[in-house]
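Take a look at the structure below.
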Amino acid sequence: MMQKFVFFTTTGCHLCELAEALLVTNLNPEQHQVDVIDIAYNDQLLGCYGEKIPVIKNEDTSEELFWPFDAEKLVKFVSL
């Protein structure tokens, strides 16, 4: 079963780049679908996540993983 996630990010965010590298390295595209959303284009998301990005949200459970996280925390989060 495909798990669906949202990755909240924005351009020029070095922490987001680090988180994206972890996503690319540790998630299987055959098992994990990740939609990337730039919060800069949505005032509501900017208000909610502006100081918190990068954030990964599980679309099925609505649980969120906030930075800082490493590969181990990411793998554990997507395995829940």
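Annotations for the structure displayed:
- Selection from the range 31-80 of residues that are over 16 Å from Glu20 (Cβ atoms), exposed (fewer than 13 other Cβ atoms within 10 Å of the Cβ) and among the aliphatic types (A, V, I, L, M): Leu80
- Residue in the range 47-64 that is in contact (Cβ under 8 Å) with a residue 24 or more places away in the chain and in a helix (DSSP H, G or I) present: yes
- Within the range 1-19, the only residue that satisfies the criterion of being in contact with a Cys (Cβ under 7 Å, 6 or more places away or on another chain) and surrounded by fewer than 19 Cβ atoms within 10 Å (Cβ to Cβ) is Thr10.
We did not get these values from a lab; they are worked out from the coordinates using the rules stated. Keep in mind it's a predicted model, so treat the numbers as computed, not measured. Because the Cβ atoms are built from the backbone with ideal geometry, glycine has one as well, and the counts that use them run over all protein chains shown.
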